[in-house]
Amino acid sequence: MYNPDSSSGSGSASDFDFRSAAKPDSKQFYSYKTIEAPVRTKIAVGACRFYASLTPCSEESEARSFLSAVKEELPGATHHAYAYRLGMGDNLLARYDDDGEPAGTAGPPMLGVLEKADITNVIVVGTRYFGGVKLGIGGLVRAYRSCAEAGVDAARICTREFKSRLAIRVSYDYLGGVIREVEAAEGEILRFNYGQEVFLEIEVPMRNVQGLPGRIAAASRGEAEISGMQ
């Protein structure tokens, strides 16, 4: 899984190991750059038309679904090459495909544009409509690179935080104190489940995760339990 907004683990508030949640890989990453919303641009290279379609995504399945949607939205195109990056650091996944263009002329140059922009959790699809004149190997490389650059230039780049989704079980007596600690850690309470005790589903920025177990333990006198959701 390459979703930066999730992590895993289990244990109580007093002994829960947050090291894996706070360190998605060997280097600590607390934020990443991506695009804010889907975008599509069009450029002409000689007699050929190129469309760059980009969208943010966090899973390979999302990237492939977007590719399928682009093919439906732009039918009759000669090629739908693509490149995408998911995750960061040791967890980075990069994929590309030339979709029938000469090897290395479409996917790699587009992937290079994503790398140069230092954005991840994004896919770019380069759609080509053949205009009757061949561009040659060098021309194709330049065309697909320019296509991806136009798409990235049109997109709004944003910074998003890595977050950890966690569950907390706490008695009603200490619920208020636990909620205050979650809010102090800039966490968001996504869901309450009321029973004999209260179960909370929360999402917390990873930069604030490590100190949370101790604060929750103090707020609940060691009775609250916290575990990873995924």
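The values are calculated or read from the model by the stated rules, or taken from the named source; none is laboratory data. What you see is a predicted model; the values in this text were computed from it and never measured. Backbone-built Cβ (ideal geometry, glycine too); neighbour counts: all protein chains shown.
What the table shows:
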item: Index of the failed condition, Arg85 passing every other in (1) in the same structural domain as Leu54 (by TED's automatic domain parsing); (2) surrounded by fewer than 24 Cβ atoms within 10 Å (Cβ to Cβ); (3) more than 21 Å from Lys42 (Cβ to Cβ); result: (2)
item: Set Thr159, Thr105, Thr120: member being closer than 17 Å to Tyr51 by Cα and not charged (D, E, K, R); result: Thr105
item: Where a residue in the range 22-48 is modelled with pLDDT under 80 and its partner, wherever it lies, is aliphatic (A, V, I, L, M), with Cβ under 8 Å and at least six apart; result: Ala22/Met206; Ala22/Val209; Pro24/Met88; Pro24/Met206; Asp25/Met88; Gln28/Ala22
item: Single residue of Glu197, Glu201, Glu181 found to be more than 27 Å from Ser31 (Cβ to Cβ), in contact (Cβ under 8 Å) with a residue 24 or more places away in the chain and in contact with a Lys or Arg (Cβ under 9 Å, 6 or more places away or on another chain); result: Glu197
item: Unique match (being surrounded by 21 or more Cβ atoms within 10 Å (Cβ to Cβ) and either under 29 Å from the mean Cα position of the chain (by Cα) or not in a strand (DSSP E or B) (or both)) among Ile202, Ile137, Ile189; result: Ile202
item: Lone qualifier among Leu166, Leu175 - being at negative phi, under 26 Å from the mean Cα position of the chain (by Cα) and not assigned by TED's automatic domain parsing to the domain that holds Tyr51; result: Leu166
item: Answer from Arg180, Arg145, Arg215 - the residue that is surrounded by fewer than 22 Cβ atoms within 10 Å (Cβ to Cβ) and either touching a Pro at 6+ places or on another chain (Cβ under 6 Å) or part of a strand (DSSP E or B) (or both); result: Arg145
item: Within the range 66-118, tally of residues that are assigned to a helix (DSSP H, G or I), at pLDDT below 95 and under 19 Å from Val152 (Cβ atoms); result: 0
item: Subset tally (residues that are more than 30 Å from Phe29 (Cβ to Cβ) and in contact with a Gly (Cβ under 7 Å, 6 or more places away or on another chain)) for the range 99-140; result: 3
item: Residue that is surrounded by the most Cβ atoms within 10 Å (Cβ to Cβ) [pool: residues in the range 63-79 that are within 19 Å of the chain's Cα centre (by Cα) and touching a residue at least 12 places away in the same chain (Cβ under 8 Å)]; result: Ala63
